[in-house]
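Here is the structure we will look at.
The values are calculated or read from the model by the stated rules, or taken from the named source; none is laboratory data. For clarity, every value in this text was computed on a predicted model and none was experimentally measured. Positions of Cβ are generated from backbone atoms using ideal geometry, with glycine treated the same way; all protein chains shown enter the neighbour counts. Heads up: the accessible areas ignore ligands, DNA and RNA and are worked out on the full protein's heavy atoms, side chains in. Shrake-Rupley method; radii C 1.70, N 1.55, O 1.52, S 1.80 Å.
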Amino acid sequence: MSAPAPAAQDYVQVRIGTLQVGIASSHVRQALPLPSGVLPMPGATGALAGVFSHLDQLIPLIDLRRWLDLPADAPCAYVLLLAAEGRLAGLAVDAVSNVQKIAPQHIEQVCHDEEPDRFFRYVARPAGGAELLNLLEPQRLMLRAQAWTRTAGAQTGIDARPAPEQDGGSASLALVELAGRVLALPAALVAEVLPCPPLDTAFGWNGQLAGVVRWRGRQVYVLNGAAFNGALPAPPAPPPLLAVLERDGRCLGLRIDKTLDVRDIDCSRILHGADGPCAHALVAATITAQSGPPHLVLDDAALLALCPQASRETSTQTLASAQGLRSSDAYIVCDGGEELALPMAAIVTILAPPDDMQAPSCGDISAPLGSCTWQGRTLPLIALGQQGAPTARIVVIEHAARHFGLLVRNLVTLVPAYAATKLSFRQFGGQSLTMITLDSAERRSSYRLLDLAEVAAAAGLASRAAGMPHDPAP
């Protein structure tokens, strides 16, 4: 009986100038836009372009164009954080193309110079492809450049924000107006109030969320006003303002009509109960007003529980108990209107949109699918949400022996195996969700793991596949 063939490994394909480079994904910590504050180092020679700060750690930036006789007039757009043998460095790249599996039999050593700083020795020809890849060895690159920093130990989560201060028997509350009613929130919970920007679609939330926006470089889910049905009348028009609620690095957007005041309210005026307005899941108490209906004190913990990036168990929630575990899977995070994590194991390839692409309808997963030609056959295309910018990539997914393409604006980041915590829980309202979370000393980044079966079913691919033969082998 013959021995099994060695398993293929994932390689990240990047472009540096005109050079196509492959790097083992086990060495790639993260891909991020080029930081704005790269500090040149006086007297630096060779490929050391400078130093930047990332998560309170100084990272040397290596620009290979200086060694490869490639034009370096403009800075590269991205940085790959590379880790090897306890060392960490940034590599400047022009583009992150895709992640693909390469079997050992498709890799050949062509340079036999065994000097320890020779960092390009192997060439790969991925199966089924005509393009050759130079494989970079990060540990040898750092040695050649003599540039690295030591990798930090496990990062702890961000420090919890102190509870709102109370002056004796009073609580500091922010008063806002929505649909003609006065709502009260802990003042420390309101990070900012701003004109409500256009919302991107948050796919798959069954009306619980109105959409998603970018705020201070972060992704913030915006609550649908229908969540207050039974406590508030329906607003006649979308509220013009957005209140960003933030606690412990977790955010939720609440659309409001106007801001009123910030007051210290005597706690004796805050009336808790189990009936009337307090019977609503998002209302914790009421405050007797001098005239008109009572003010509604919103349950801040229940509000934050509505958003997966702000979910945690409390006595007022019905989240299923779950334990966060380091995920052994690797992921690619894509921008499809909402930043979504896709399991790398399901990704066949990532393509630029071809000339024959027929774009699907955006914002409605059940609308007619788009299509393009891929490997000599028709590939169904799905748009996850409103595409506010032209499609930059097609992520080809294999699920249940079928292939389909997801239209995304761009690739956001790579999440290596064991780099993220995977958490499954039940969303307020009953929907089961899975999130991956990257914790750092500065912030917590969470991404919803896209349910490929749900996408295929919503788009009708499952029913269409029932009476059709499976895709032929490529």
**Message:** So if each residue of separation counts as 0.36 nm, and I subtract the Cα-Cα distance between Ser53 and Trp67, what length gain in nm does that give?
**Reply:** 2.6 nm
**Message:** Report the gain in length on full extension from Gln375 to Arg150: 0.36 nm times residue separation, minus Cα-Cα distance, nm rounded to one decimal.
**Reply:** 76.6 nm
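Find the relative contact order for the range 29-82 and round it to a whole percent, using C-alpha pairs within less than 8 Å whose residues are 6+ positions apart. Working shown, then result.
Numbers: 68 pairs, mean separation 22.4, N = 54.
Relative contact order of the range 29-82: 42 percent.
Quick one: ranking Glu85, Glu177 by accessible area, 1.4 Å probe, largest first, what do you get?
I get Glu85, Glu177, largest accessible area first.
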**Complete:** Taking a label point 7 Å from the Cα of Ala8 along Cα-to-Cβ, the residues of the range 23-57 whose backbone nitrogen sits under 16 Å from it are 23-26
**Request:** Evaluate E = 1/(1 + (r/R0)^6) for Ser291 and Ala346, where r is the Cβ-Cβ distance and R0 equals 60 Å; express this FRET efficiency to the nearest 0.05.
**Result:** 0.55
**Message:** Given points 7 Å out from each Cα along the Cα-Cβ axis, report the Gln109 to Ser268 separation in nanometres with one decimal.
**Reply:** 8.4 nm
**Request:** Can you pull the one-decimal nm distance between simple spin-label points at Glu85 and Glu192, each 7 Å off the Cα toward Cβ?
**Result:** 4.4 nm
**Request:** Could you order peptides 20-26, 451-457, 89-95 by the average number of other Cβ atoms within 10 Å of their residues, highest first?
**Result:** 89-95, 20-26, 451-457
**In sequence order, calculated HN-Hα J values of the range 110-124 (Karplus, 6.51, -1.76, 1.60; Hz; x Gly/Pro)** = 10, 10, 10, 6, 8, 4, x, 9, 7, 9, 10, 10, 10, 10, 10
**Prompt:** For Gly337, which sequence-distant residues (separation of 5 or more, or a different chain) have an amide H within less than 5 Å of its own amide H, given hydrogens modelled in the peptide plane?
**Reply:** Arg409
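Going highest first, how would you order 331-337, 257-263 by mean Cβ packing within 10 Å? Present the calculation step by step, with values, prior to reporting the outcome.
On the way: 331-337: 24.7, 257-263: 13.6.
In descending order of packing, they fall as 331-337, 257-263.
Considering only protein heavy atoms and a 1.4 Å probe, what is the carbon-and-sulfur percentage of the accessible area of the range 17-111? Before the final figure, lay out each step's value.
On the way: 2440 of 4440 Å².
The computed percentage sits at 55.
Which peptide among 186-194, 57-65 comes first, and what is the full order, when sorted by highest mean count of other Cβ atoms within 10 Å? Display every interim value, and only then the final one.
Numbers: 186-194: 15.9, 57-65: 20.9.
The peptides rank, most packed first, as 57-65, 186-194.
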**Message:** Suppose each label sits 7 Å from its Cα in the direction of the beta carbon; what would the Asp356-Ala419 distance come out to in nanometres?
**Reply:** 3.6 nm
